[in-house]
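Nothing in this text is a laboratory measurement; each read-out follows from the coordinates by a stated rule. Computed from a predicted structure; not experimentally measured. Cβ coordinates were reconstructed from backbone atoms using ideal geometry, including for glycine residues, and neighbour counts include every protein chain displayed.
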């Protein structure tokens with residue numbers, strides 16, 4: 001006989017294990033409420049959030065301006081589909097394009113959708129504008145990348161967990177070592193006329209917040225310009241204030257041909273993503289060739305417009321830059337016997353351990369009241385909300401030192 005929910009033992013973590021597919025391995029924390037940089041679990045215990053939803057919560061949990069923007073829109077209209085226009089859509093596209101210094105915006109929902117959009121647009125642009133023979137377009141990517149988990153995106157992943165068992169894989173991609181300009185030059189020498197785009201994370205997030213060597217992004221830009229290919233920057237995690245600037249590319253003085261944005265663009269309230277580029281690139285699309293029922297919906301646009309307004313002040317970029325110096329100085333003081341490397345920019349860091357298990361460190365951190373997440377075994381990622389104070393940041397880093405020593 002089928003049980004109804006009230007008949008079940010309402011152990012929330014147990015319900016997750018029983019009824020949810022096991023595609024995640026969450027830490028033993030069940031959140032019930034959150035505000036700013038603090039999360040409260042079902043037992044009333046508070047945690048300092050040092051992960052911020054993988055940068056989706058750059059402005060903290062339930063930022064008052066973002067919640068107010070969502071509430072206003074909830075009282076008006078939330079969805080019309082793109083079969084009709086609405087009064088938030090045009091202003092959102094204009095404001096985001098201006099923030100990016102670009103011409104046009106194609107809104108979607110998730111980061112993976114933004115990447116899929118870029119793949120389709122790059123290929124179409126390559127065939128119609130660049131003159132690449134039909135079906136021969138090549139997009140260059142980098143080892144260690146993480147651009148999402150759709151079947152096409154995992155086709156060019158080098159992570160066995162993300163890729164294995166999901167073939168057959170989509171062709172049309174060439175991967176080279178991240179940060180290796182010589183390898184990229186070799187691919188351009190071999191495949192240059194067929195290369196329509198280079199898809200790059202200015203800082204690799206899932207790989208462990210990996211910063212490329214100085215001059216690498218400038219080299220990518222120069223090779224793309226010389227070959228007439230597009231440079232597409234996946235700033236879904238690194239963008240919108242996380243690294244102490246609106247975009248990580250700008251730290252290297254680089255302007256790509258397109259930005260891919262997501263996560264923080266929805267303010268931690270709704271999923272919002274976008275490809276932002278020039279009219280000559282996004283202009284290759286015609287009605288019916290690409291779209292999304294929820295992409296650019298009124299609620300998403302209202303929240304994202306407020307996100308853009310917050311970023312226009314420059315306050316959050318400045319906070320990330322200033323606090324980032326304090327952040328990285330404290331991380332550099334962790335015992336070298338335990339920590340093999342620290343990388344990152346602004347309020348974003350990957351801490352790799354010589355022998356400690358990243359999961360064990362994160363579990364210890366949770367027991368001390370701090371939320372973080374491991375990646376690839378011995379690395380943990382830290383990305384506190386940009387609204388964190390100096391005292392909160394120091395408290396969290398003290399707990400990290402305690403956890404490292406305890407493990």
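Values computed for the structure shown
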{"read-out": "Cα radius of gyration and Dmax for the stretch 1-127 (Å)", "value": "20.2, 60"}
{"read-out": "Relative packing of peptides 257-264, 165-172 - highest average C-beta neighbours within 10 Å first", "value": "257-264, 165-172"}
{"read-out": "Distance between the stretch 46-109 and the stretch 220-241 - C-alpha centres, whole angstrom", "value": "23 Å"}
{"read-out": "Normalised contact order of the stretch 279-392, rounded percent, pairs of Cα under 8 Å and 6 or more residues apart", "value": "19 percent"}
{"read-out": "Computed over the stretch 68-187: relative contact order in percent, which uses C-alpha pairs under 8 Å that are six or more apart", "value": "18 percent"}
{"read-out": "The chain - mean residue ellipticity at 222 nm from DSSP helices (-39,500 (n - 2.57) per run, n ≥ 4, rounded to 500)", "value": "-10500 deg cm²/dmol"}
{"read-out": "Protection-proxy order for peptides 196-206, 358-368, each taking the mean of Cβ atoms within 10 Å per residue, highest first", "value": "196-206, 358-368"}
{"read-out": "Percent of beta bridges antiparallel (DSSP, the chain, rounded to nearest 5)", "value": "65 percent"}
{"read-out": "For the stretch 308-374 and the stretch 117-150, distance of Cα centres in Å", "value": "33 Å"}
{"read-out": "Rg/Rh (Cα only; Kirkwood hydrodynamic radius) as it applies to the stretch 64-312", "value": "0.96"}
{"read-out": "Intensity falloff of the stretch 93-198 expressed as log10 I(q)/I(0), Debye formula with alpha-carbon point scatterers, at q = 0.13, 0.18 Å⁻¹", "value": "-0.56, -1.01"}
{"read-out": "Relative contact order, percent, the chain [alpha-carbon distance under 8 Å, six or more residues apart]", "value": "23 percent"}
{"read-out": "Kirkwood hydrodynamic radius over Cα pairs of the stretch 240-299, then Stokes diffusion coefficient at 10 °C and 1.306 mPa s, in µm²/s", "value": "117 µm²/s"}
